[in-house]
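The values are calculated or read from the model by the stated rules, or taken from the named source; none is laboratory data. These figures come from a predicted structure and were not determined experimentally. As a convention, Cβ positions derive from the backbone with ideal geometry for all residues, glycine included, and neighbour counts pool all protein chains shown.
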């Protein structure tokens, strides 16, 4: 019988080839920059990360989740048993039967994969991925039949040499795709790279229900700032790119892609893979970047990414909304990679598009993005009689005003919030002219030097004073203060104003009437929701106003960006539609007359949509509108006035 | 690009009009930009002052390998040092800004240099269109976006107007790495300037419209004259022809139709 | 308007004829009426009229000719002849080199002349203000602007751009007259350039952007306008606008003076004339006439055509840019470009706050809009409420007629 001696030989040689492939792949990753990881504990944690954290993401799609469990589970089990039964030749009926069962399981899974691939949605890549379900079927069927004699169901030598040849071909195909392809670079690469990616993830905090969204600081003394060529990425970032399964969930969620801007997160990650391995994108079988044809991108580990591989406009289209990262079943960090490459463009090339250069110059010269006089930061509050930290030195709450202080629309939000703080008798103070831009925009535009300078100075100012918590109405400042100032010695308890107001309401420190008006929907700001997991407080607050939120289809962690993040309105990359318009269509679909928002940037973007459209209001404004000012503080106010007059 | 040209761009320390913080000066940066476009990295950028000045890095960040600094203390007359250096090195073109953003801001530096070198001076240029056979074709910026063509033989001094092409973005990394080369230089104290009394700018009083009426009737008219503003003329129901005529008359009156 | 009082015989006749149907309109308000209680009331305001010298006169003719006189009277209040300021054999000169934009004294020039007199006033000796004018001019009111002596240098050598030629002549003036002060308007119309060139040539250290000058000290703007520099007043001054009050209470002699030697030099700067600038290539911030389009535009072809025919620089509102009808660098407003146009025509722009901020410095704003209540109409000096397409169509026609007419006139 041919197979008796051929099968172990095939198995052994495929394993050897796979090993060679693995060595090659690993060496590609190792060309990246060092990044310290704990190898042992990473590997130990890997199964749990796979079975729990990753599965948690995959499970959002029940069909695919079950299919994957069957296929992948069946495959892993089959492969182990194949080695035992057919390579080591352990003659055990039990093992053979187990192998039969696992290959049946895999076959069943594979048929579902096949069904899915019959009429695949556009987000899925085609090309070799269309071959995969067939490979899966061939692999499972072949080994099922080969194992039948071992299980004693069929006599040895059944079917003669014709069947033996067919089976041998099946073995070569199946093993080639499933084992050799796994390490050398076929569709199955995702299993190998993915497993290691989970083990050596750059943000291990994300596993086990944690959250890690702050960008990592740039070493400003490095010879090249940011990522110029693929090898400038950390090695585990390169590994992460290789883990991509091209499922296109990111593409389906990306607001820039939907708006026809030249960005497709999936394609971007695949371009990174081209970069790390060398080659062109001619074989890429998914949706291209809108407006950019396939086949022209070329790259290699040591060639500049933005010259030939990725158009800079692609990088600048990103709103850093993190929808892709949230959606990625492989937990790939798209935003990190994009900002890394932006850093090179800004810090090394001086090539920030649109008004980017102007905004950065203003931030450097005036600490605010629009070049206003730094001493006029408190003008909005001339009539508010706010306590300033430099005078009081100490307060319960530090109110971080943010650059909304310079914008007339945002000032309405600030005033509304101050009204609430006063009504609740909160002991709060502001930094006044000592406050600077949080650095959010500078950092997302890639200018980490300016970000770090702003952050250090802000931290130095705040560390002079004593306060328990920081509250801000700007989710971008909220995120930066909470998650990114830690690298510069600023560790604070930071709250978004919706969280804080919700607390006040729950404690009964402010009395509210009921909201009057039609249907209300709520838009989750990316930097509040996906970046910081705050979905509940705004909704609880709205409920406290007697509002039943008519949720948009894309809400919560799947909320669509307003288009205002990541400096996107500044770099202003043209697309076919505007993201804000699409978001307003989402709101219109709920029939809402009012869009409640918790972010001044979102307010500005959504109000920029041409009327007729629903009204846009910050939650602070909605709450302040129905605030019942109790008699007691009012009389006190009169006393104060009397004192002032006297 | 004319790599064989020897171009020197003079830069000073600018000042942001709102915050007063040191920065790269807008016009000087345009001079550097023009130099970069004319002769690439070969353009020589020169500053008279302190090599430790941080804002010089933002010029370097435009892609300069090095920046030469004639060491001068704060009270020295920079135009003398620059004049000495330039007459020693004899470049083909000297580019400066029109007016500095800090210090006296008199705008005299290009004039003094041209006088000292005995070279022609072209003021407020927007661009150098071409340089051929030792002659440059220059576009001079006139008010309201107008341009005048001027021909001048090399060498010359030119002051670069705000109408020139905006300077490229200054990148942090190259700016850090560029070499600031200090040249010890003789300095002459600016004694006239030492006698200046400098203070933050006061708000200038707006000139009031004085009414010098000769007769009671004129005085009465002046006192009861309707104040300006308070809404313009609104044409609502006139036919489009008349409306267009009204607009057209306004355009004629303002003299914007050429 | 002529000062000759003309009679209107018909009006006088109607005023006399109490039976004429128009009599009530022509006659003055009745000076005497019978009040409700039957008493005769006199209305003192109705008596008399303003005479030709602006003084009220009572006409004993019973007001019969009042209406006729009144119409002319107030207007022809006589021009008072200003006193003539004479300087005979001046001891020293203050020389003002004026810009003469378009051949006439600018407001800035007049400020400088005012400053010249301020420097003379109270000084010892007889000072005279000498204005230096290069090339042809159309100015008729040198006397009222305070020019005691006029040095008018003419000749083909002053045609076009010739700062070197002018400076050479100024150096001759320096030699011949040794002025006590040299004054220049610190303007972009040539004053600044000539002043600086002369200062460099004479080795004088000028005061620039000087805005408060007396014989001892000058206050100048420095540090790009952030600082005031107080210094001893030098001989050569470049004066800021509104540095001193203009002359308005005296007339001056405007005696012509001559320059004995006229230097001839070789111009190293060769003026090749003004370059035709496509209004659309002018940057928005600099443009003096902007035709700006907003959401209300339907026919973009027509809009571009209108801009072309009118010779206007195109602008746009944010929405028009977002919708892709106009490129981003055309956007006007706080988030786009801050413009300083003399005339800003906003077609179909209702005026968001950011947009209104961006046009804050425009002189004249014209709004074409369908909504009479929008913010742009409130800001505009002239608003046209109606269909922008029709208005633009008419405007294009008017501009075409005007251009053709102009061509015929030129031919």
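Summary of values
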quantity: Criterion: assigned to a helix (DSSP H, G or I), within 18 Å of residue B:188 (Cα to Cα) and in the same structural domain as residue B:187 (by TED's automatic domain parsing) - qualifying residue of B:85, B:59; calculated: B:85
quantity: Filter pass, residue C:248 being within 13 Å of chain B (Cβ to nearest Cβ), surrounded by fewer than 21 Cβ atoms within 10 Å (Cβ to Cβ) and touching a residue at least 24 places away in the same chain (Cβ under 8 Å); calculated: yes
quantity: Yes/no for residue A:74 being in the same structural domain as residue A:193 (by TED's automatic domain parsing) and surrounded by 15 or more Cβ atoms within 10 Å (Cβ to Cβ); calculated: yes
quantity: Failed item in (1) at pLDDT 95 or above; (2) within 30 Å of residue A:237 (Cα to Cα); (3) not in a helix (DSSP H, G or I), with residue A:344 passing the rest; calculated: (3)
quantity: Residues of the stretch C:387-397 that turn out to be at the interface with another protein chain (Cβ under 7 Å from one of its Cβ atoms) and buried (at least 20 other Cβ atoms within 10 Å of the Cβ), as a count; calculated: 2
quantity: Helices (runs of 4 or more DSSP H) wholly inside the stretch A:141-219 that include at least 2 residues being over 31 Å from the mean Cα position of the chain (by Cα); calculated: A:160-175
quantity: Candidates A:268, A:276 - the one that is outside any loop (DSSP other than H, G, I, E, B), at pLDDT below 95 and within 18 Å of residue A:238 (Cβ to Cβ); calculated: A:276
quantity: Meets criteria (without any contact (Cβ under 8 Å) to a residue 60 or more places away in the chain and closer than 20 Å to residue A:627 by Cα) for residue A:418; calculated: yes
quantity: Matching residues, the stretch A:561-581, being more than 24 Å from residue A:369 (Cβ to Cβ) and buried (at least 19 other Cβ atoms within 10 Å of the Cβ); calculated: none
quantity: Helices (runs of 4 or more DSSP H) enclosed by the stretch A:532-603 - at least 2 residues per element that are more than 25 Å from residue A:290 (Cβ to Cβ); calculated: A:536-544
quantity: Hey, residue C:133 in contact (Cβ under 8 Å) with a residue 24 or more places away in the chain, in contact with a strand residue (DSSP E or B) (Cβ under 9 Å, 6 or more places away or on another chain) and either farther than 21 Å from residue C:239 by Cα or assigned by TED's automatic domain parsing to the domain that holds residue C:213 (or both) or not; calculated: yes
quantity: Extreme residue, farthest from the other protein chains (Cβ to nearest Cβ), among residues of the stretch B:170-198 that are in a strand (DSSP E or B) and more than 23 Å from the chain's Cα centre (by Cα); calculated: B:184
quantity: Residue check for residue B:45: within 23 Å of residue B:124 (Cα to Cα) and part of a strand (DSSP E or B); calculated: yes
quantity: Wholly within the stretch B:103-169, strands (runs of 3 or more DSSP E) carrying at least 3 residues that are touching a helix residue (DSSP H, G or I) at 6+ places or on another chain (Cβ under 7 Å) and more than 9 Å from every other protein chain (Cβ to nearest Cβ); calculated: B:156-160
quantity: Those residues of the stretch C:335-359 which are surrounded by 24 or more Cβ atoms within 10 Å (Cβ to Cβ) and on the phi > 0 side of the Ramachandran plot, in sequence order; calculated: C:348
quantity: Flag if residue C:256 is farther than 30 Å from residue B:206 by Cα, away from chain B (no Cβ under 14 Å), touching a strand residue (DSSP E or B) at 6+ places or on another chain (Cβ under 8 Å) and assigned to a strand (DSSP E or B); calculated: yes
quantity: Unmet requirement for residue B:69, which otherwise passes all of (1) within 19 Å of the chain's Cα centre (by Cα); (2) buried (at least 20 other Cβ atoms within 10 Å of the Cβ); (3) away from chain A (no Cβ under 12 Å); (4) touching a residue at least 40 places away in the same chain (Cβ under 8 Å); calculated: (1)
quantity: Some residue of the stretch C:316-334 being surrounded by 16 or more Cβ atoms within 10 Å (Cβ to Cβ) and within 14 Å of chain B (Cβ to nearest Cβ); calculated: no
quantity: Condition check for residue C:188: under 22 Å from the mean Cα position of the chain (by Cα) and within 14 Å of another protein chain (Cβ to nearest Cβ); calculated: yes
quantity: Conditions (1) assigned to a strand (DSSP E or B); (2) within 30 Å of residue B:105 (Cβ to Cβ); number of the one not met by residue C:267; calculated: (1)
quantity: Residue in the stretch C:147-160 that is buried (at least 18 other Cβ atoms within 10 Å of the Cβ) and within 14 Å of chain B (Cβ to nearest Cβ) present; calculated: no
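Conditions (1) closer than 19 Å to residue B:157 by Cβ; (2) part of a loop (DSSP other than H, G, I, E, B), marked per residue:
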| position | (1), (2) |
| --- | --- |
| C:133 | no, no |
| C:136 | no, yes |
| C:144 | no, no |
| C:167 | yes, no |
| C:174 | no, no |
| C:189 | no, yes |
| C:220 | no, no |
